[in-house]
1. Expressed as a whole percentage, what fraction of the accessible surface of the chain belongs to carbon and sulfur atoms when a 1.4 Å probe is rolled over the protein heavy atoms?
2. Please work out the average accessible area per residue across the stretch 236-372, using the 1.4 Å probe convention, and give it in Å².
3. For the stretch 277-290, just list the computed ³J(HN,Hα) in residue order, Karplus coefficients 6.51, -1.76 and 1.60, θ = phi - 60°, integers in Hz, with x standing in for Gly and Pro.
4. Find how many whole Å separate the alpha carbon centroid of the stretch 48-117 from the alpha carbon centroid of the stretch 199-224.
5. Want the number for Ala265 to Ala343: 0.36 nm per residue separation, take away the alpha-carbon distance, what's left?
6. If each Cα of the stretch 288-342 is one equal point scatterer, what is log10 of I(q)/I(0) from the Debye formula at q = 0.13, 0.20, 0.22 Å⁻¹?
7. How large are Rg and Dmax for the stretch 178-220 when only the alpha carbon atoms are used, in Å?
8. Rounded to the nearest 500, what is the 222 nm mean residue ellipticity of the chain from helices alone, with -39500 (n - 2.57) per DSSP H run of 4+ residues and division by all residues?
Amino acid sequence: MSASPLLDHIKRRISLSGPISIADFMHEALGHPEHGYYRKQDPFGRSGDFITAPEISQMFGELIGLWAAVSWQQMGGPAKIDLVELGPGRGTLMSDILRAVRNVPGFSDAITVRFVETSPVLRTHQQTAIMPYGVPATWHEAFDDIAPRAGVPMIVMGNEFFDALPIRQFERGDTGWAERLVGVDATTGDLGFVRGRETPIADALIPATLRGTAKKGDIFEICGPAIAVADQVARRLNDTGGVALFIDYGHPHSAFGDTLQAVKAHEYHPILSQPGDADLTAHVDFAALSRAMLEAGARTGAVLTQGTFLAMLGIDHRAELLKADASDDQAKAIDLALARLIAPDQMGTLFKVLIGYGATTTPPPCISGAEG
Ligand code: SAH
């Protein structure tokens, strides 16, 4: 037995049935019920493996709360609304939202929180985080497990949710596309990447707009579960009315490239060496998410950068207000957090924002250059 029961389990699976897809590997590494990365620990924060926007500053959640409140008002201020968060982590974003909207007449009373979260450890954190606000909340394994309620629209949000979902990679060979798989190296016994066979089925998965420009060695990534969730959310927004806000790092147009990465203790880490002990993510293809929502009949805005989105919501003004009551050290920390969230060389440009809304819903704030 090696030090890692999950590594042994994956190797055994491969020795029994052959190389597995990268999606299967990610599924084991992140979601294995006992040893999966998100199942066994709290990976967030300065002492954890990475830090996300809501953990950097309260301004992030407060401004999203404002966006949600205005969206609700533009829907006519319905008496009930489901506030859904996909992959809520420690619950920091939701608690900042609930605090920020406390004084919006009628909104807090209308809210039922719906958390989509698979990790039992993180569910406990989420429950503690929102306890002070006394808002009813339920937890769900998957978005589609949230039962629709007649006449109750939804506000659906997700920050760094899609990047954690399993991707498949396809590599362009001499004549066609083959899936990149994870196998076991016969000499070293370590996990390694191998190429499957070129098949016409793989060809059909590459968007027609890109297929003609591909060169040998190009890699295309597909996140089936992300597209499925975007489709489910879009259908729900059409049925019950509502809006969606997805924030993640990724690209506004579908493109070639290998973006799979592992991060442990704020450093890049070899992808295959310690499954379950490092976070694994891939860049989100926002064009694919937007396409899925449009094909389901919902509408989407142009993909924005996080910097543009937060500027539109007035983050500079919010920072000034916070600094007015702050000590010198606190004011410096606020400026650093502001730069981290919006500066082009930090999170401001790499992180993107996609807003969707139901076919009969009034467009929410920050829809510019609407595509559909
Ligand atoms: N939104 C949070 C956390 C992002 S990390 C933040 O910004 O800080 C990804 C989150 O998605 C974690 O809460 C993780 O447990 C959850 N998650 C990962 N895969 C999931 C899945 N398949 N279904 C539901 N939640 C998932």
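The values are calculated or read from the model by the stated rules, or taken from the named source; none is laboratory data. Keep in mind that this is a model prediction, so the values were computed, not measured. All Cβ positions, even for glycine, are placed from backbone atoms using ideal geometry, and neighbour counts span all protein chains on display. To get the accessible areas, we keep the full protein, side chains included, count just its heavy atoms, and leave off ligands, DNA and RNA. Shrake-Rupley method; radii C 1.70, N 1.55, O 1.52, S 1.80 Å.
1. So the carbon and sulfur contribution to the accessible surface is 54 percent.
2. 43 Å²
3. The phi angles translate into 9, 10, 6, 10, 9, 9, 4, 8, 8, 5, 5, 5, 5, 4 Hz.
4. Each part reduced to its Cα centre gives a spacing of 37 Å.
5. My answer for the length gained is 25.8 nm.
6. -0.48, -0.73, -0.81
7. Rg then Dmax for the stretch 178-220, in Å: 13.2, 41.
8. Helix contribution divided over all residues of the chain: -11000 deg cm²/dmol.
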